[in-house]
Amino acid sequence: MKVAIVTVRSASGEAGGAERLYDALVEAFRQGGHEAQEVPVVADESTFEQIKRNYLACYDLDLSAFDMVVSTKAPTWMVRHPRHVCYLVHTIRVFYDMFDSAFPQAGAEHRAQRDLIHQLDTRALSPPHCRGVFSIGSEVSQRLQRWNGLHAEVMHPPLWGGDFHAGAFGDYLLLPGRLHPWKRVDLVIRAMRHVRAPLRLVITGTGEAEQELRALAKDDPRIEFRGRVSDDELVELYAGAYAIPFTPMREDYGYVTLEAFASAKPVITCRDSGEAAAIVRASMAGYVCPPDPRAIGEHIDMIWGDRERAESLGQAGLAWVSGLSWGDIAGRLVEASAG
């Protein structure tokens with residue numbers, strides 16, 4: 001069967017977890033014997049007019065040459081095809097759960113924009129336009145239910161690959177990923193002021209908040225910014241870490257959690273960290289604490305003080321992540337597309 005995976009690619013060419021998910025999903029269909037192809041849509045979200053053009057571009061796609069279509073991320077579900085299913089990565093969050101923080105003084109124009117996006121998304125993801133909606137995690141599904149009144153079955157995506165492996169428990173915490181305000185790296189930097197354990201904090205990645213975060217950490221010699229690192233270096237940093245603090249705000253999924261688990265390392269996250277918190281609770285592979293620097297610091301000290309417990313949590317995470325399957329996800333999507 002010819003399968004189109006319709007994706008959104010950044011106009012800047014920047015690649016992250018979503019882009020790796022797309023690649024893995026295409027490969028899963030190919031491994032299942034299908035002729036799968038990514039159909040990328042380059043999306044610029046700099047203005048609302050451009051966002052509307054993105055929606056129209058997806059609506060205008062001619063996918064008649066394919067037997068089945070899988071949409072992924074806003075606004076790819078605007079596609080028209082009789083066997084359309086959605087594997088939902090996320091909507092445009094500034095018009096959903098992040099609306100109030102993005103537009104604290106929202107007027108009638110912004111509210112009208114939000115309403116239009118909600119209407120378009122709800123219609124496109126409802127029958128008969130879409131035969132089934134699935135999501136990458138419970139955080140995304142709950143958001144869809146709340147704002148659009150639609151159900152989405154959760155299918156946690158596995159890692160896309162990589163040689164993540166267990167290693168010795170070293171003398172540092174690893175905090176990888178994009179340095180964006182929503183990732184709340186500042187919480188962990190502030191938490192280090194309360195940490196008594198002889199642990200360093202290694203931060204990798206770049207992003208909009210980097211300058212501010214460097215300024216926040218400048219007086220603490222235990223905190224090191226590595227910048228962008230290679231995939232191989234990142235794998236080894238995970239393997240040698242003691243634990244992984246990951247404290248984002250309402251994270252949709254968070255591959256950091258899975259990478260930590262695949263490296264048999266425990267995760268420290270926060271109650272409001274979305275899917276990261278849900279996964280840590282379900283797997284019993286770390287600690288979930290209040291989004292407070294002192295509380296995070298106390299949990300870091302706690303995990304340092306019980307090495308046997310840290311190793312046990314790491315093994316629980318490894319067992320959880322090992323149970324995920326791309327083949328199962330592709331098979332479920334095919335089944336749903338048949339109606």
Any idea which of (1) in contact (Cβ under 8 Å) with a residue 40 or more places away in the chain; (2) among the aliphatic types (A, V, I, L, M); (3) surrounded by 15 or more Cβ atoms within 10 Å (Cβ to Cβ) is the one Ala57 doesn't satisfy?
(1)
Residue list for segment 1-54, restricted to those being among the hydrophobic types (A, V, I, L, M, F, W, C), over 25 Å from Leu120 (Cβ atoms) and in contact (Cβ under 8 Å) with a residue 12 or more places away in the chain
Met1, Ala24, Val26, Ala28, Phe29, Ala36
Which numbered condition trips up Pro290, out of (1) crowded, with 16+ Cβ neighbours inside 10 Å; (2) in contact with a strand residue (DSSP E or B) (Cβ under 8 Å, 6 or more places away or on another chain)?
(1)
Of all residues being on the phi > 0 side of the Ramachandran plot and not basic (Lys, Arg) in segment 243-267, which is surrounded by the most Cβ atoms within 10 Å (Cβ to Cβ)? Just the residue, please.
Gly254
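Select, from Arg222, Arg200, the only residue that is within 26 Å of Leu318 (Cβ to Cβ), among the basic types (Lys, Arg) and either surrounded by 15 or more Cβ atoms within 10 Å (Cβ to Cβ) or not assigned by TED's automatic domain parsing to the domain that holds Glu27 (or both).
Result: Arg200 is the single residue among Arg222, Arg200 that is within 26 Å of Leu318 (Cβ to Cβ), among the basic types (Lys, Arg) and either surrounded by 15 or more Cβ atoms within 10 Å (Cβ to Cβ) or not assigned by TED's automatic domain parsing to the domain that holds Glu27 (or both).
Conditions (1) buried (at least 17 other Cβ atoms within 10 Å of the Cβ); (2) touching a residue at least 60 places away in the same chain (Cβ under 8 Å), marked per residue:
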{"site": "Met78", "(1), (2)": "yes, no"}
{"site": "His84", "(1), (2)": "yes, yes"}
{"site": "Ile92", "(1), (2)": "yes, no"}
{"site": "Thr122", "(1), (2)": "no, no"}
{"site": "Arg143", "(1), (2)": "yes, no"}
{"site": "Trp147", "(1), (2)": "yes, no"}
{"site": "Leu159", "(1), (2)": "yes, yes"}
{"site": "Lys183", "(1), (2)": "yes, yes"}
When segment 225-235 is examined, which residues are found to be assigned to a helix (DSSP H, G or I) and surrounded by fewer than 17 Cβ atoms within 10 Å (Cβ to Cβ)?
Asp231, Asp232, Glu233
Since Leu237 meets every condition but one in (1) under 14 Å from Leu173 (Cα atoms); (2) out of contact with any strand residue (DSSP E or B) (no Cβ under 6 Å at 6 or more places or on another chain); (3) not small (Gly, Ala, Ser), which condition does it not meet?
(2)
For segment 231-240, does any single residue satisfy the condition of being within 17 Å of Ala197 (Cβ to Cβ) and either touching a His at 6+ places or on another chain (Cβ under 8 Å) or not assigned by TED's automatic domain parsing to the domain that holds Met98 (or both)?
yes
Restricting attention to segment 19-54, which residues are among the polar types (S, T, N, Q) and either buried (at least 20 other Cβ atoms within 10 Å of the Cβ) or outside any strand (DSSP E or B) (or both)?
Gln31, Ser46, Thr47, Gln50, Asn54
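The values are calculated or read from the model by the stated rules, or taken from the named source; none is laboratory data. What you are looking at is a predicted structure, and each value in this text was computed from that prediction instead of being measured. Please note: Cβ atoms are built from the backbone with ideal geometry, for glycine as well, and neighbour counts cover all protein chains shown.
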